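Student: Before I ask anything, let me first share the structure, which is written out below as C-alpha cells.
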Protein chains: 2
Amino acid sequence: MKPKIQDVARVAGVSATTVSRVLNDRGYISEETKRKVYQAMKEINYVPNDLARSLYKNRTHLIGVIVPSTSNPFYGELVSHIEGICNRKGYKVLLCNSLNEADKEKKYWEMLLRNQVDGVIVVTYNRGLVNDNHLLPAIAIDHYLGKNIHVISSNNYQGGEIATNELIQSGCKKIIHINGPSQLKTPANDRRYAYEAVLRERGRDPIVYETPSVAFLEENINVIEQLFREHPDVDGIFASDDLLALKIIQYAEGLGYHIPNDLKVIGYDGTELIRSISPQLTTIIQPVLLIAESAVKVLEQQIENKEFSISETVLPIELWKGSTTQ
Amino acid sequence: MKPKIQDVARVAGVSATTVSRVLNDRGYISEETKRKVYQAMKEINYVPNDLARSLYKNRTHLIGVIVPSTSNPFYGELVSHIEGICNRKGYKVLLCNSLNEADKEKKYWEMLLRNQVDGVIVVTYNRGLVNDNHLLPAIAIDHYLGKNIHVISSNNYQGGEIATNELIQSGCKKIIHINGPSQLKTPANDRRYAYEAVLRERGRDPIVYETPSVAFLEENINVIEQLFREHPDVDGIFASDDLLALKIIQYAEGLGYHIPNDLKVIGYDGTELIRSISPQLTTIIQPVLLIAESAVKVLEQQIENKEFSISETVLPIELWKGSTTQ
C-alpha cells in the first residue's frame, strides 16, 4: 500500500491538515513542525501527489508539445531542447507525435485540453486545429495556426535568399528548388518565394518541385526521379530540408553526377546531427535552441499574465558552407 | 471562465451528480439522458477534466519515458514509436531527456512518481536509480536498472559476432572495436564480449577503445584520433553506434584512407534515418519498432496485473550490408 497523508500525520504526530498545509505551503507552520513532517515523509517513503495539488491550485505545470515526429532530427533536437528548458522551469512535457495527420492533431489537442495543460507548443501543419476564441496559451513554431496564436520562426525569406545566392555565386546556371507541399500555411514557404524572387531579378525562370510529404523520405523519391528525368541539365538544387538534400545527392551520384563539379546542392535546417555526420553538406542553419527558448519564454508569459500576444518572432539564420556548393 | 460540470447540468436539465456519472460511466443512465448531457457539453464547450478523473480512478494513463536525448536518432525513433503505441492504447507520454546525468535521472524519476504515472520506460545508464522494492511498473530498455526490472534488449552478443565476422570475411587483418564507457551496466557490452571472443577464437588479439560519452559526438573525437595515431595500420573498425562509425569514416578519409579499400567500417543501430541518408554504411539493425512494442506490451501487463516479471526479452537483430565493408 502506498503511504497516505494520514500516515505522514500519524508518524509526525500532527494533524493531516497540518501535513497538507506544509505540502502546499499555506498558512503559518513552525520550522520544527515542518522538519517533523519532512522527516516522517522520508521515513515512510511518502511521495506527494502533484496531481492532486494541480487540481487544487488550478495549475498543472504540464506543457503539451505536438510535433510531426521525433524521428526527424530537426524535431528530435527541438523537442529535446524544449523539454530541457521546461524541466529547468518546473514544467513537464506531454509529447505528441502527430505524423502530420490532421485527425491525430485534433485528437491530441483535445487530449491536452482534457488533461488541463497550462499551455501548448505546436509544430504542426494543419490549419483549423485551434478555433479563434480558444483560451489556452499556445505557441506555433514555423506555422500559422490561427489568428490568436503567436508564431516563432526563423528568417525563412533571408534563408531562401542566401541559399539561392550561394548557388548563383558557385556558378550554377539552372537552379531548381524542391520543397514540401505548398498548400501548407507555413512561413517556410518564404524560402520558396525568396528563391523565385532572386531568380526573377536575374531574369531567370524559377523551377519548383513539390514533395508530397514533409517528414518522410521514401515518399519523396518519385519527385526526385521526376526532377532529374525532366531536367538532366540541372546544375544547382536548393532543397527545403537537409534529409531531402542528402537523398538528392545520393540519387544524383547514382546517376553519375559528380558533386559539386556537375551539380551543387544546398539543404536547409542544419541540425547538430547533420552538421556532425554530413559536414560536407552546405545548408542554412535554423537556430533550434533559440527557437525552443523563445517558444517556452513567450508561452510562459502567456501562462503567467493570461495575455495573448498576437505577433511573430523571427529569429536569425546562418549559412553553413560545406563542399557540396564549392 | 471555463464551463464547469454545474453548467453542463444546468443546460442539460439534470443534476451535477448525473453529469458526473455519465462522464465516469458509473451506474445506470438512460440513453436519452446521456444524449442530453453530451449535447449540453458540446453546446457550452465543456471539456472533461481527465486529471480529476485520474485521481478518482487511481489510474492516470500517464507513462513516463526517460531517454538520454531525442536529439540522438536512435532515441528519437524509439520515443516516436513508444509514444505512437501508447497513444493508440490510450496512454499519454511524459517525456524526460536525462542527458545521461545520474542526478537528472533521479529527479525525473521522483517527478514521475509525484505525478502518479501508471508506469515508466527507462533507457538510461545509471544503476541505482530504482531501489529494489519499488512498486511502480517499470521497463528498462537495453540497460540493467535493478533486480526487479524487466529488461528489453536486442541480441547484442549475436550482433557483435555478425559485425566482427563481416569484417573478417571482408579480409580485414587488424580489427579494432570502439564503444561507449564499459563501466555502464548495459547488455550493449555483449557486443564487445562477442568481438573479443570471435577474435580470440582465431588467435587474434582484440583491441578496444572506449569513448567517454555514449550520446554526444564531439567528446569522442579525441579517442578516434588516438586510435589512428596508435594503430595507423588498422584495416577494420567495428563501432558500437552508427554516428561514431560515420565520424570515424569522415576522420579516416581526412587522413587519406580510402573506404573500403584501405579500411572497412561497420556501425550499430541501423535507424531508419541513417539507413536512408547513409545507406552505404554497413551496420547491425536493432529492431526499434519491435523494442518499443515489447516495452509497452510488458509494461501494460505489469500495470493491468500488478505482476512484476523479472526477466529479459531479447529481440532479433539484422545485418545491413552497405559498401563500407565490401
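The values are calculated or read from the model by the stated rules, or taken from the named source; none is laboratory data. Nothing here was measured: the structure is a model prediction, and the numbers come from that model. Neighbour counts run over all protein chains shown; Cβ positions are idealised from the backbone, glycine included.
Residues checked against (1) in contact with a strand residue (DSSP E or B) (Cβ under 6 Å, 6 or more places away or on another chain); (2) free of Cβ contacts under 8 Å to residues at least 12 places away in the same chain:
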residue: B:Tyr209; (1), (2): yes, no
residue: B:Phe238; (1), (2): yes, no
residue: B:Leu244; (1), (2): no, no
residue: B:Asn261; (1), (2): no, yes
residue: B:Lys264; (1), (2): yes, no
residue: B:Gly267; (1), (2): yes, no
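Student: Can you tell me how many residues in the stretch A:133-176 are over 30 Å from A:Gly64 (Cβ atoms), hydrophobic (A, V, I, L, M, F, W, C) and not in a loop (DSSP other than H, G, I, E, B)?
Tutor: 6
Student: Run B:Asn72 past the list (1) at pLDDT 95 or above; (2) out of contact with any strand residue (DSSP E or B) (no Cβ under 8 Å at 6 or more places or on another chain); (3) facing another protein chain (nearest Cβ under 10 Å) and report the number of the one that doesn't hold.
Tutor: (1)
Student: Here is a further query. Considering only residues that are part of a strand (DSSP E or B) and among the aromatic types (Phe, Trp, Tyr), which ones fall in the stretch A:231-264?
Tutor: So in the stretch A:231-264, the residues part of a strand (DSSP E or B) come out as A:236-239, A:264.
Of everything in the stretch A:231-264, just one residue is part of a strand (DSSP E or B) and among the aromatic types (Phe, Trp, Tyr), namely A:Phe238.
Student: May I ask you to list the residues in the stretch A:6-51 that are assigned to a helix (DSSP H, G or I), within 40 Å of the chain's Cα centre (by Cα) and of a type in the set (A, V, I, L, M)?
Tutor: If the condition is that a residue be assigned to a helix (DSSP H, G or I), within 40 Å of the chain's Cα centre (by Cα) and of a type in the set (A, V, I, L, M), then A:Val22, A:Leu23, A:Met41, A:Leu51 are the ones that fit.
Student: Restricting the search to the stretch B:97-116, which residues are within 9 Å of chain A (Cβ to nearest Cβ) and charged (D, E, K, R)?
Tutor: Once the filter is applied, which keeps residues that are within 9 Å of chain A (Cβ to nearest Cβ) and charged (D, E, K, R), the stretch B:97-116 yields B:Lys104, B:Lys107, B:Glu110, B:Arg114.
Student: Now, a different point. Can you say whether A:Glu272 is surrounded by 16 or more Cβ atoms within 10 Å (Cβ to Cβ), acidic (Asp, Glu), more than 12 Å from chain B (Cβ to nearest Cβ) and closer than 25 Å to A:His81 by Cβ, as far as the supplied structure shows?
Tutor: Taking the combined requirement at face value, the residue does not satisfy it.
Student: Now a separate question. Evaluate the stretch B:31-43: report whether one residue or more is within 7 Å of chain A (Cβ to nearest Cβ), in contact with a helix residue (DSSP H, G or I) (Cβ under 8 Å, 6 or more places away or on another chain) and under 23 Å from A:Arg114 (Cα atoms).
Tutor: The answer is no; no qualifying residue exists.
Student: Okay, moving on. Determine which single condition A:Gly27 fails, assuming it passes every other condition in (1) buried (at least 21 other Cβ atoms within 10 Å of the Cβ); (2) touching a Lys or Arg at 6+ places or on another chain (Cβ under 6 Å).
Tutor: Among (1) buried (at least 21 other Cβ atoms within 10 Å of the Cβ); (2) touching a Lys or Arg at 6+ places or on another chain (Cβ under 6 Å), the lone unmet condition for A:Gly27 is (1).
Student: Another question about this same structure. Inside the stretch A:75-96, can you point out the residues that are facing chain B (nearest Cβ under 8 Å), charged (D, E, K, R) and not in a helix (DSSP H, G or I)?
Tutor: A:Lys92
Student: Condition check: more than 26 Å from B:Val123 (Cα to Cα), crowded, with 21+ Cβ neighbours inside 10 Å, in contact (Cβ under 8 Å) with a residue 60 or more places away in the chain and hydrophobic (A, V, I, L, M, F, W, C). Does B:Ile249 satisfy that?
Tutor: yes
Student: Can you tell me how many residues within the stretch A:52-72 are in contact with an Asp or Glu (Cβ under 8 Å, 6 or more places away or on another chain) and either assigned to a helix (DSSP H, G or I) or crowded, with 17+ Cβ neighbours inside 10 Å (or both)?
Tutor: Qualifying residue count for the region: 8.
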